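Working notes, beginning with the structure itself.
The values are calculated or read from the model by the stated rules, or taken from the named source; none is laboratory data. Bear in mind that the values here come from a model prediction, so they are computed numbers and not experimental data. Every residue, glycine as well, gets a Cβ built from its backbone with ideal geometry; the counts of neighbours run over all protein chains shown. For accessibility, only protein heavy atoms count, side chains too; no ligands or nucleic acids. Shrake-Rupley method; radii C 1.70, N 1.55, O 1.52, S 1.80 Å.
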Amino acid sequence: MSYPEFFDKVESIKVIDPLANMLGAFEEGKYELTYLEVVKSAGHSCPTVAGAYLIAAEALKALYPGERAVRGNIKVEFRESLEDGVAGVIANVVSQITGATDKSGFKGLGGKFARHSLMDFNANINSSARFTRVDNAKRVDVYYNSSSIGGSPKMQPLMQKIMGGMASSAEIKEFGQLWQERVEKIFENASNVIKIVEIK
């Protein structure tokens, strides 16, 4: 399996999942999620998928400073509706990382470990997303804007040729490489594209 090298350089997200522990999936429920795993699940790597990964990663660092985030203990709210733009793509990535879902998730065991109803849309917020710890109500707003990280000027004409069915295999490959170069730059400039605000 061949993929861009920077996938392996992106910092993994360490979590602890009480449900995974109880069901014997991971010792003590501890495991890591990587950008490569998220890309496999999403089926592609793009500024939206990268942004969703960064949104979740930075929010969890803020909510759980110096410790593993507790998967299934995090509520997530989005300003957009599920049907708007790329909201669904972002929600899927965030759900994979946090365990939070709207109505489709795990219903729990004996009143514990429920994951459904931990994700809301059309929220009255101004940020890209709001993350809240269920156990102590600590909240952070996360803002993501990758517009400052531009791509190569070659990308637009190449995309037009690809969409028109006129691109060669070499041009398709070049476009993919240029696309991933922009995604890599987003990760390299994470501090410039992500802002975290704790809500008191």
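Run down the lysines and flag those whose C-alpha is under 25 Å from the C-alpha of residue 200, throwing out any fewer than 8 positions away in its chain.
Candidates past the 8-residue exclusion: 61, 75, 138.
Enter the mean projected area of the convex hull around the alpha-carbon atoms of the stretch 44-156, in nm², rounded to one decimal. Spell out each step's value before the answer.
Numbers: hull surface 33.7 nm².
With the hull built on Cα positions only, its mean projection is 8.4 nm².
Can you tell which of 179, 35, 142 lies farthest toward the positive end of the dipole of the chain, using +1 and -1 charges on the Cβ of basic and acidic side chains (Lys, Arg; Asp, Glu)?
My answer, from the dipole projection, is 142.
In bins 10 Å wide, starting from 0, what share of all Cα pairs of the stretch 100-200 does each bin hold, as a percent?
13, 26, 23, 23, 13, 3
Can you give the Kirkwood hydrodynamic radius for the chain, in Å, rounded to one decimal and based on Cα pairs? Write out the running numbers ahead of the final one.
Numbers: mean 1/r = 0.0556 Å⁻¹.
Averaging 1/r across every pair of different Cα atoms and inverting gives 18.0 Å.
Quick one: order 55, 162 from most to least accessible surface, probe 1.4 Å. Walk me through the intermediate numbers first.
Values: 55 5, 162 45 Å².
Largest to smallest exposure gives the sequence 162, 55.
Packing-wise, with mean Cβ within 10 Å as the measure, how do 17-28, 119-130 rank, highest first?
The peptides rank, most packed first, as 119-130, 17-28.
Find how much the distance from residue 3 to residue 178 grows on full extension, using 0.36 nm per residue of separation minus their present alpha carbon separation; answer in nm with one decimal. Present the calculation step by step, with values, prior to reporting the outcome.
Numbers: separation 175, 0.36 × 175 = 63.00 nm, distance 1.34 nm.
Stretched out fully, the residue 3 to residue 178 stretch lengthens by 61.7 nm.
How big is the dipole moment of the stretch 38-173 about its Cα centre under a simple scheme where the beta carbon of each Lys and Arg is +1, that of each Asp and Glu is -1, and everything else is neutral? Debye, nearest 20, please.
Numbers: 17 positive and 11 negative charges, 86 e Å.
Here the stretch 38-173 has a charge dipole of around 420 debye.
Would you compute, from DSSP H runs of 4+ residues alone, the mean residue ellipticity of the chain at 222 nm, taking -39500 (n - 2.57) per run and dividing by the full residue count, rounded to the nearest 500?
On the way: 7 runs with 75 residues, N = 200.
Using -39500 (n - 2.57) per qualifying helix, the result is -11500 deg cm²/dmol.
Quick check: the distance between the Cα centres of the stretch 33-87 and the stretch 179-194, to the nearest angstrom?
So the separation of the two Cα centres works out to 15 Å.
Starting from the amide H of residue 129, placed 1.01 Å from N in the peptide plane, find each other amide H under 5 Å away whose residue is 5 or more places distant or on another chain.
142
For the stretch 134-150, just list the computed ³J(HN,Hα) in residue order, Karplus coefficients 6.51, -1.76 and 1.60, θ = phi - 60°, integers in Hz, with x standing in for Gly and Pro.
After applying 6.51 cos²θ - 1.76 cosθ + 1.60, I find 5, 6, 10, 6, 5, 10, 9, 9, 10, 10, 10, 8, 9, 5, 6, 9, x Hz.
May I ask you to evaluate 6.51 cos²θ - 1.76 cosθ + 1.60, the Karplus curve with θ = phi - 60°, for each residue of the stretch 64-73 and list the ³J(HN,Hα) values in order in whole Hz, giving x for glycine and proline?
Rounded to whole hertz, the list is 10, x, x, 9, 6, 6, 8, 5, x, 10.
As I understand it, the dipole of the chain uses +1 on the Cβ of Lys and Arg and -1 on the Cβ of Asp and Glu, about the Cα centre. Which of 131, 54, 25 lies farthest toward its positive end?
Highest projection toward the positive end goes to 131.
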